[in-house]
Amino acid sequence: MKKRRCFEEEDADPSSLVSNLFDVAMVFALALMVALVSKFNMTEVFSKEDYTIVKNPGKDNMEILMKKGEKIEKYTPGNDSASAQDGEKGRRIGVAYQLENGEIIYIPED
């Protein structure tokens with residue numbers, strides 16, 4: 001009578017280790033993307049609504065990102081009105097203030 005082993009070892013497939021590491025890396029990358037999107041409050045990027053985002057408002061490197069439907073436009077204000085490689089350029093022509101009651105006042109610059 002032959003004794004059976006309770007814990008028989010199966011033949012190890014070296015490629016299964018690589019595929020398992022790939023699966024772990026994909027789950028980690030997905031979790032990292034979700035964490036970054038929620039950390040920087042960028043959930044509106046994935047919504048179907050139109051939006052406008054102003055990065056670095058009032059500074060020299062200010063950018064305006066506008067989503068209209070499926071199209072996303074990038075606008076970079078500058079000193080010249082020439083078209084740039086990454087978007088249109090413009091110049092600052094004034095300042096807008098929002099009062100406590102919600103009214104917006106525009107003050108043009110000379």
With (1) loosely packed, with under 10 Cβ neighbours inside 10 Å; (2) modelled with pLDDT under 70 as the list, and VAL45 as the residue in question, which single condition is left unmet? (1)
Report, by residue number, each residue of region 16-61 that is within 12 Å of the chain's Cα centre (by Cα) and in a helix (DSSP H, G or I). MET33, VAL34, ALA35, LEU36, VAL37, SER38, LYS39, THR43, GLU44, VAL45, PHE46
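Rundown of residues vs (1) modelled with pLDDT under 80; (2) closer than 28 Å to ARG91 by Cα, yes/no style:
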| residue | (1), (2) |
| --- | --- |
| GLU8 | yes, no |
| PRO14 | yes, no |
| SER38 | no, no |
| GLY58 | yes, yes |
Answer yes if at least one residue in region 79-92 is surrounded by 10 or more Cβ atoms within 10 Å (Cβ to Cβ) and at pLDDT 80 or above, and no otherwise. no
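The values are calculated or read from the model by the stated rules, or taken from the named source; none is laboratory data. Computed from a predicted model, the values in this text were never measured in an experiment. Every residue, glycine among them, receives a Cβ derived from its backbone with ideal geometry; neighbour counts consider all protein chains shown.
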